[in-house]
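> First the structure, then my questions, so here it is.
The values are calculated or read from the model by the stated rules, or taken from the named source; none is laboratory data. This one's a predicted model, so the numbers in the text were calculated from it and none came from an experiment. Neighbour counts are summed over all protein chains in view; Cβ atoms, including those assigned to glycine, are modelled from backbone coordinates with ideal geometry. Heavy atoms of the whole protein, side chains included, go into the accessibility calculation; ligands, DNA and RNA do not. Shrake-Rupley method; radii C 1.70, N 1.55, O 1.52, S 1.80 Å.
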Amino acid sequence: MRALLGALADHSPFLWGLIEADPARLMAILDRDPAETIEDVLEAVPALAESSDEDEVMRGLRQARQIVALAVGLADLGGVWVVETVVQTLSRAADVFIAAALNFLLKQAERAGRLRLDAADPTRGCGLTVLALGKLGGRELNYSSDVDIVCLFDPEAPAIVDHANVQTLYARIVRDLVRLLQQATADGYVLRVDLRLRPEPSARSVAVSVPATLAYYETFGQNWERAALIKARPCAGDLALGAEVLATLAPFIWRKYLDLAAIADIHAMKRQIHAAKGGGEIAVAGHNVKLGRGGIRDIEFFVQTQQLIFGGKRPVLRGNRTVEMLHRLRQESCISRHAQEDLETAYAFLRGIEHRLQMIADQQTHNLPTSKEALKRFARFAGYESAAAFSATFERFCRLVAHHYALLFENAPKLGHGTGDLVFTGISDDPGTLRTLEKLGFRDPAAISTMVRAWHAGLRPAVRSPRARERLTELVPALLASFAKGSDPDAAVAGLDRALERLPTATELFAILIASGALRALFGEILGGAPRLAEAVAVHPHLLDIAIDGGAEPSLDDDAMDARVLAALARATTTEDVLDAARDYQHEEHFLIGTRLLAGTLAPRDAALAYSALAVGTIRALLVRAEATLAADHGRVPGLTLAVLGFGRLGSREMSATSDLDLVVVYDAPAQAMSDGARSLDASTWVTRLTQRLTTHLTAPTRRGRLYDVDMRLRPSGRQGPLATKFSAFAAYQKTTAATWEHLALTRARVVAGDAGLATRIEAAIAEALGGGSREGVMADVAEMRALMARERPPSGFWDLKLAEGGLVDGEFAAQALSLARPDLRDVAPRVVLERAAAEGLVPSGSVAAYDLQAAADQIIKLALPAGATPEEAGRGLKARLAQACGCASWPALKPALAEARATLRAAFEAAVLNEG
């Protein structure tokens with residue numbers, strides 16, 4: 001006994017402090033069997049719940065805990081108890097302390113009129129249950145452990161008085177429970193409490209309703225949470241309610257099929273712990289006995305993994321105690337006899353060392369001393385003659401554990417990166433992973449970690465399925481490494497986060513990204529530089545393959561693109577197939593144009609030509625299909641010719657990634673012409689039906705998505721006029737009736753599809769309408785229209801490149817007005833008109849460059865950013881590309897360049913319109 005007390009005096013300030021504070025208490029403990037002493041103390045604790053004095057309860061709990069701590073410490077160090085007895089006793093004491101504190105609070109709530117408790121058993125139907133998890137759940141509590149508990153309430157419990165405030169009531173009780181147990185007073189504390197294992201701890205109250213809990217695990221539950229729930233048991237409050245909840249969760253925890261997919265997630269969590277605690281390698285000095293390699297947690301995870309794999313079909317493996325489960329795993333032939341014996345012996349050794357570490361100062365520590373002298377002192381406290389003898393034993397057991405653990409995970413994929421750890425399971429950021437993210441070049445590692453952990457937790461719609469999260473586990477390290485090599489890694493992750501928020505599932509996307517590093521790199525650049533383009537990838541992941549494969553360069557020529565679209569639709573038979581094939585091809589080409597524009601291999605002006613040619617090819621191909629199906633239903637109209645005119649940006653070949661189609665259909669047919677089918681239609685009705693079918697083919701959403709929005713309001717008489725206009729009516733209207741604004745629009749019109757002969761006649765009619773007659777008052781009309789637009793549609797800000805004073809609209813108005821005043825300058829493209837006018841000194845010489853600069857910026861912004869977003873909010877990669885596309889050396893130089901361009905283009909407008917004549 002003298003040697004034991006001497007060891008306490010030398011090595012355990014905590015226990016020696018308890019002895020010095022009350023020597024009589026020590027003598028009382030030494031005079032009896034420690035089990036009897038502790039039993040007497042614990043039998044008296046429940047009576048504290050009857051008190052109405054909180055201070056008395058707190059004092060009584062802490063004094064009881066002191067006796068338990070001293071008695072257990074003496075029994076452990078004196079060799080009276082084995083580890084199993086120690087952990088069971090500590091766990092039972094914790095159960096008693098938690099129950100007494102909770103019962104006191106329940107009765108306090110009853111006295112306040114907030115609960116109606118059962119007089120015979122106040123916990124029955126009280127509405128609140130406390131689940132013990134972790135070591136407390138397995139009745140394996142260590143000497144100075146925290147307790148992992150989850151507090152759930154039944155919102156319909158009979159004890160509730162005010163159902164409207166039930167959440168507030170139980171949350172207050174739980175917060176008070178934590179305070180009663182862990183607040184330090186002159187008598188110390190009772191238990192450290194950890195509530196972080198509750199469902200979605202960052203977003204939910206400390207008390208969670210049972211329905212919310214069940215819904216969470218059904219929808220978002222992860223494999224690490226399944227592993228945690230293996231040890232769950234009710235320990236306080238309404239025990240029947242707790243048992244009912246766990247029974248309901250059993251299918252979530254124990255899946256009936258062989259659950260090999262869980263291994264990767266559990267292994268990832270284990271490696272996260274290694275990274276956080278510095279236990280990746282086995283070293284005695286400073287090694288973490290619990291979380292380091294070959295430590296206690298390796299044994300626990302070894303057991304829990306086997307339980308998750310086999311427990312669904314073998315209920316005998318559903319226990320919550322580590323040593324007991326090792327025996328059952330051996331009996332079920334899940335592990336070898338050597339594995340069971342080695343791990344059981346190592347577990348007892350490591351738990352004993354853990355207890356001695358914590359007995360020193362009653363701290364929740366698991367790290368061995370780092371200095372030689374401190375390690376030597378601890379070795380003596382642990383019963384070894386020297387540090388060398390202790391180190392040899394410790395290393396032997398750790399390597400034994402690591403050997404068996406490695407066999408379980410030897411084929412698991414690596415979840416790290418050459419620079420360091422990249423793992424995101426669990427409930428908090430991993431310090432090692434944050435360091436790795438910083439080394440990789442992420443500007444805000446904490447924000448990146450938070451987003452990725454949210455993906456793993458299933459907090460985005462696209463990753464709520466187990467399959468998606470399993471693929472995510474495999475993908476994330478490689479994905480982050482690829483993103484890190486891009487121009488804006490943080491923006492790439494944020495872009496993917498937004499995509500996962502909108503997508504219903506990401507399983508296909510993840511599969512494609514897993515398969516190719518090149519695709520991951522491309523996707524990262526798109527996410528970081530063009531969020532709008534990234535949305536297309538998220539919906540259609542195969543587009544990445546298309547971009548990597550390359551294929552033909554985007555066509556800038558209408559006829560060439562027409563042939564390519566027709567070839568893509570050639571194998572489609574039904575209308576549904578044709579529409580799907582058209583959408584597939586258009587999406588692919590649209591994406592290729594966008595990626596080349598983003599990469600800088602396609603100039604903005606060429607991108608406008610490519611987008612326009614793609615639209616023309618699509619219109620022509622779908623017009624052929626619409627004519628064929630209409631002819632099948634109603635025959636054809638002999639002598640009928642038809643043409644589709646493109647106005648606006650389609651007409652001027654300036655389309656962007658977001659442009660719609662301004663179309664007008666013109667036809668000609670003999671008088672009284674009828675179609676030759678069984679269900680004959682007159683020419684006007686036939687063309688109207690054809691126009692409706694063409695519009696539907698272009699606009700209807702199918703399983704492959706949408707093509708374009710179509711606007712046909714520029715036809716003669718607008719919405720009041722017929723959907724398709726006869727040529728004679730079109731020509732007469734434009735020549736005699738059309739208003740100035742209609743002629744302005746007509747300056748950018750061209751035939752994009754249909755009969756070549758009719759196209760020639762239409763072009764002649766347009767030239768005649770725009771080139772003849774008096775133009776008196778035209779410039780005044782144009783000036784008035786521009787002023788009205790400025791009043792009714794003011795620019796939204798600096799980045800409104802279209803409507804800002806001196807923006808693209810001013811350039812368009814100037815070009816259109818000049819086309820009316822000087823027919824010899826006319827061209828469908830405003831930049832060509834400005835170029836011709838500048839050559840004659842009608843507008844400033846820099847007008848074309850000013851127009852082109854703003855058009856280039858508009859192309860990039862429309863491609864990359866969602867509606868309403870500005871480049872100021874964009875990542876650095878997009879800013880750099882935008883500056884490059886506009887011929888600026890850097891992002892800071894862009895705004896001054898745009899301001900100068902606007903001044904020039906405004907001067908062109910004033911010269912052409914306001915100062916005309």
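> With a 1.4 Å probe and all protein chains left in place, how much accessible area per residue does the chain have, in Å²?
Roughly 40 Å² per residue, with all protein chains present.
> Heavy-atom accessible area of residue 471 with all protein chains present, probe 1.4 Å, nearest 10 Å²?
Approximately 50 Å² for this residue.
> When Lys and Arg each count +1 and Asp and Glu each count -1, what net charge do the other residues less than 13 Å away from residue 185, Cβ to Cβ, add up to?
Here the charged neighbours net out to 0.
> Here's another thing I want to ask about it. Write down, largest first, the equivalent ellipsoid semi-axes of segment 420-548 in whole Å, where each equals the square root of 5 times an eigenvalue of the alpha-carbon gyration tensor.
21, 17, 13
> Rounded, prolate or oblate: pick one for segment 496-536, where a ≥ b ≥ c are the square roots of the eigenvalues of its C-alpha gyration tensor, a/c under 1.5 means rounded, and failing that, prolate if a/b is larger than b/c, else oblate.
oblate
> Sort 359, 785, 712, 27 by heavy-atom solvent-accessible area, probe 1.4 angstrom, most to least.
27, 785, 712, 359
> Just to confirm my numbers, what's the Cα centroid distance between segment 845-917 and segment 708-760 in Å?
Result: 31 Å between the Cα centres.
> Oh, and also: Whenever you get a sec, compute what percent of the accessible area on the chain sits on carbon and sulfur atoms (1.4 Å probe).
Whole-percent figure for carbon plus sulfur exposure: 52.
> Calculate the all-directions average of the projected area of segment 737-885's alpha-carbon convex hull, and give it in nm².
Averaged projected area of segment 737-885's Cα convex hull equals 11.0 nm².
> Any chance you could look up the accessible area of residue 813 with a 1.4 Å probe, heavy atoms only, rounded to 10 Å²?
It works out to around 20 Å².
> While we're looking at this one, here's another question. In square angstrom, rounded to the nearest 10, how much accessible surface does residue 141 have for a 1.4 Å probe?
About 10 Å², rounded to the nearest 10.
> Can you give me the angle between helix 54-77 and the longest principal axis of the chain, using Cα atoms only, in degrees from 0 to 90, rounded to the nearest 10?
Here the helix axis deviates by roughly 70 degrees.
> While we're on this one: Can you tell me the dipole magnitude for the chain around its Cα centre, using point charges on the Cβ only (Lys, Arg +1; Asp, Glu -1), in Debye to the nearest 20?
Approximately 820 debye in magnitude.
> Among DSSP beta bridges lying fully in the chain, give the percent that are antiparallel, nearest 5.
Looking only at bridges with both residues in the chain, the antiparallel portion is about 70 percent.
> Next question, about the same structure. In Å, what is the Rg of the alpha-carbon atoms in segment 260-408, and how long is Dmax?
When restricted to Cα atoms, segment 260-408 yields Rg and Dmax of 15.9, 52 Å.
> Which three extents, in angstrom, do the Cα atoms of segment 750-811 have along their principal axes, listed largest first?
46, 31, 17
> About its Cα centre, how strong a charge dipole does segment 260-408 have in debye, to the nearest 20, once Lys and Arg get +1 and Asp and Glu get -1 at the Cβ?
The dipole magnitude comes to about 120 debye.
> Then there's this: Among the listed pairs 485/862; 135/313; 107/231; 231/313; 485/879; 135/376, give every one whose C-alpha distance is greater than 27 Å.
In this structure, 107/231; 135/376 exceed 27 Å between Cα atoms.
> Something else: Let me check something: with ligands and nucleic acids excluded, how do 501, 324 order by accessible area (1.4 Å probe), largest to smallest?
From most exposed to least exposed: 501, 324.
> Ok, one more. Quote the relative contact order of the chain in percent (integer), defining contacts as alpha-carbon pairs under 8 Å separated by 6+ residues.
After rounding, I find 7 percent.
> Here is a follow-up. As a check on your grasp of the helix formula, calculate [θ] at 222 nm for the chain: sum -39500 (n - 2.57) over DSSP H runs of n ≥ 4, divide by the residue count, round to the nearest 500.
Computed mean residue ellipticity for the chain: -19000 deg cm²/dmol.
> May I ask you to derive the relative contact order of segment 774-914, considering only C-alpha pairs under 8 Å and at least 6 residues apart, and to give it as an integer percent?
Relative CO of segment 774-914 lands at 30 percent.
> Right, another one. Per the Cauchy relation, a quarter of the hull surface: what is the mean projected area of the convex hull of the alpha carbons in segment 1-147, in nm²?
Seen from a random direction, the Cα hull of segment 1-147 projects 9.7 nm² on average.
> Where does segment 550-772 land on Rg(C-alpha)/(2.2 N^0.38 Å)?
1.02
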